[in-house]
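Contents: one structure, followed by commentary.
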């Protein structure tokens, strides 16, 4: 895919906009968040950007959850009307089926929300940190110092990405270190400019 933006070698770029502190930890793009820390944060290390996937990318599972919630109220009466599903079950069995259905539905909602909420990207004045929850009990943390960043690019793909201003940011590191990717992050151009500005100060 074509790269929309690539850091120039001569560093002739406009400085990023002034960073104003924000406090909302439910947001997907938070500048200088207050009361936010992470496990390996060093003394004097300040969080400049706190990122998650853009909320619009969560729309598929949210729609799926709404369908699952409304299914017993809409589908079962329809099946009963054409004699495909009996509604004359004993009350205890009906309650067990309904409770089981909604337990599975809310488990689906909980897992998807947790995977969105805890998969975060952090840019500090010292490092870039990528925290991924691959599953509920599997956490993968990748970090690199600003001085080890060789290049940074971003790309937006598709109509929704252009309309809602989100895209993938790829941080290329020196040597054999793993590259860091911010997937579907909001305002990727601003993120790239802030990291480039930090690179220029190293």
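The values are calculated or read from the model by the stated rules, or taken from the named source; none is laboratory data. What you see is a predicted model, and the numbers here were worked out from it, not measured in a lab. With ideal geometry, Cβ positions are generated from the backbone for all residues, glycine too; neighbour counts draw on all protein chains shown.
Looking at this structure, is residue 113 at pLDDT 90 or above, part of a strand (DSSP E or B) and surrounded by 12 or more Cβ atoms within 10 Å (Cβ to Cβ)?
Judged against the criteria, residue 113 is not a match.
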note = Counting only residues in the stretch 86-103 that are closer than 30 Å to residue 59 by Cβ and surrounded by 11 or more Cβ atoms within 10 Å (Cβ to Cβ), the one modelled with the highest pLDDT is identified as 102
task = Those residues that are surrounded by fewer than 16 Cβ atoms within 10 Å (Cβ to Cβ) and assigned to a loop (DSSP other than H, G, I, E, B), I need them from the stretch 46-79; list them, please.
result = 46
ask   = Restricting the first residue to the stretch 21-34 and requiring it to be part of a strand (DSSP E or B), which pairs with a second residue that is at pLDDT below 60 meet a Cβ separation below 6 Å and a spacing of at least six or different chains?
value = 30/22; 31/19; 31/22
